[in-house]
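Below is one structure, written out as structure tokens, with a few remarks after it.
Readers should treat all values here as calculations from the given coordinates under stated rules, not as data from a laboratory. Given the structure is predicted, the values throughout are model-derived calculations rather than measurements. We place every Cβ from the backbone using ideal geometry, glycine too, and count neighbours over all the protein chains shown.
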Amino acid sequence: MTVQVGIIGSGLIARLAHAPGYTKAGAKIVATADVVESRAKKLAEDFDIEHTYTDYRELLARKDIQAVSVCVPNHLHKEVVIAALEAGKQVLCEKPMAMTVAEAQAMLQASERTGNMLMLGFNNRFRSDVQRLKKFIDAGELGEIYYARTGYIRRRGTPFGWFTVKEESGGGPVIDLGVHVIDMTRFLMGNPRPVSVMASTYKKFGHYTMMDTDAWCSSDVKEGLRSGEEFDVEDLACALIRFENGATIVVEASWASNIPQGDSVYSQLCGDKAGAQLTPDLTIFGEYEGMLTDKKINTATRNAHHEEIKHFVHCVETGSQPLSTARHGVEIQQILNAIYESAKLGRSVDIAPL
Ligand SMILES: NC(=O)c1ccc[n+]([C@@H]2O[C@H](COP(=O)([O-])OP(=O)(O)OC[C@H]3O[C@@H](n4cnc5c(N)ncnc54)[C@H](O)[C@@H]3O)[C@@H](O)[C@H]2O)c1
């Protein structure tokens, strides 16, 4: 039977990832919702969706919808996800899970209470190179991974609009970009439990106007409904994250910094048998009879968002456990919030077990 889905929030990520992802996965998108009616209607027109709503609760009331994607700004994730779970839907929630650990925990509890699935939209786990490297790691090729450095850094790529307002986003590049690479790298390391964080955050740019920098603005700014000038979050952060098994991740994230142009997304892992990097090519750094070896692995270029949504649809169909669980989402939220806490206090902060 075809899985029937709804999309809540019809902005950028709904248009670029979720609607095409469901179409490709063979699911039927029954309805989409957005408080900006024209946006829902345009998405519906472009992806052959029959019903649109300005109140997402009307979408949730439909009995023919089994599963929903939650693609609204971060401050609404908790409310919408819990309402969807309580309405009996299986849920795919965009990253970050929430604004705070308490919110994320309430969402996890709602999933456990209702017995409905809550999968987190950690799309980088579904990259072809990440999936292939994970196979090598699981086969013991790298040995024990004890250290990793990772980052998601931009020269000028601030997504103005709700993203730059703490009340609506929960934070800046840490919660928007850092979340991706922290989760991806921790996933490759076997999801060890975080125990402490030491971090710094900086706000050196705030709002700026440059040519060609509007690629990631929120839909409201793109459509001129909001100026995009509000800014009360960080624009660069770095952190050292320690895990229960003794491993460490060093991470950096920026929306604006004076570095070479473009988005740089990297992850480099050190194991006691071999190391690995994802970019520019997936490579395993090892040894063979006293010689150093660099083993390049060919990777397909599948769209990670589409792979994530295909996996979600498969989990809805089969009732199987998703790769990125709500519990993983809460643990990542603990790290994100500890980064802010550590930067504010100017010292290391501990993370308690869930
Ligand atoms: N995984 C990724 O790579 C990725 C990339 C971009 C954004 N995201 C995440 O996706 C989410 C949405 O981001 P976006 O870039 O699409 O932002 P956006 O501003 O383009 O879209 C959000 C949409 O939600 C709508 N909305 C607001 N309140 C609503 C409500 N109460 N009911 C229904 N709709 C409502 C807005 O009108 C807007 O159209 C965020 O959580 C963001 O972090 C993930």
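Kindly indicate the residue of the stretch 316-340 that is surrounded by 18 or more Cβ atoms within 10 Å (Cβ to Cβ) and farther than 17 Å from T185 by Cα and also nearest to the chain's Cα centre (by Cα) among those meeting that condition. Out of the qualifying residues, it is A326. Could you please let me know if T54 is more than 9 Å from the ligand (Cβ to nearest atom) and either farther than 18 Å from F163 by Cβ or within 18 Å of the chain's Cα centre (by Cα) (or both)? It is false that T54 is more than 9 Å from the ligand (Cβ to nearest atom) and either farther than 18 Å from F163 by Cβ or within 18 Å of the chain's Cα centre (by Cα) (or both).
Quick check: anything in the stretch 167-177 over 17 Å from the mean Cα position of the chain (by Cα) and within 16 Å of the ligand (Cβ to nearest atom)? Full working, then the answer.
Kept after step one, since they are over 17 Å from the mean Cα position of the chain (by Cα), are these residues of the stretch 167-177: 167.
After this cut, where a residue has to be within 16 Å of the ligand (Cβ to nearest atom) as well, the list is 167.
Yes.
Being small (G, A, S) and surrounded by fewer than 24 Cβ atoms within 10 Å (Cβ to Cβ) is the filter here; which residues of the stretch 172-208 pass it? Correct list: G190, S196, S200, G206.
Matching residues to (1) of a type outside the set (G, A, S); (2) in a loop (DSSP other than H, G, I, E, B); (3) under 28 Å from the mean Cα position of the chain (by Cα); (4) surrounded by 14 or more Cβ atoms within 10 Å (Cβ to Cβ):
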| residue | (1), (2), (3), (4) |
| --- | --- |
| A276 | no, no, yes, yes |
| T279 | yes, yes, yes, no |
| G286 | no, no, no, yes |
| T293 | yes, no, no, no |
| N298 | yes, yes, yes, no |
| T301 | yes, yes, yes, no |
| H305 | yes, no, yes, yes |
| I309 | yes, no, yes, yes |
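When the stretch 259-274 is examined, which residues are found to be within 20 Å of R186 (Cβ to Cβ) and assigned to a loop (DSSP other than H, G, I, E, B)? Walk me through how you get there before you give the answer.
As a first pass, look at the stretch 259-274 and keep what is within 20 Å of R186 (Cβ to Cβ): 264-274.
Once the filter is applied, which keeps residues that are within 20 Å of R186 (Cβ to Cβ) and assigned to a loop (DSSP other than H, G, I, E, B), the stretch 259-274 yields D272, K273, A274.
Counted as qualifying within the stretch 65-145 are the helices (runs of 4 or more DSSP H) with 2 or more residues that are in contact with a strand residue (DSSP E or B) (Cβ under 6 Å, 6 or more places away or on another chain) and either on the phi > 0 side of the Ramachandran plot or within 12 Å of the ligand (Cβ to nearest atom) (or both), namely 77-86.
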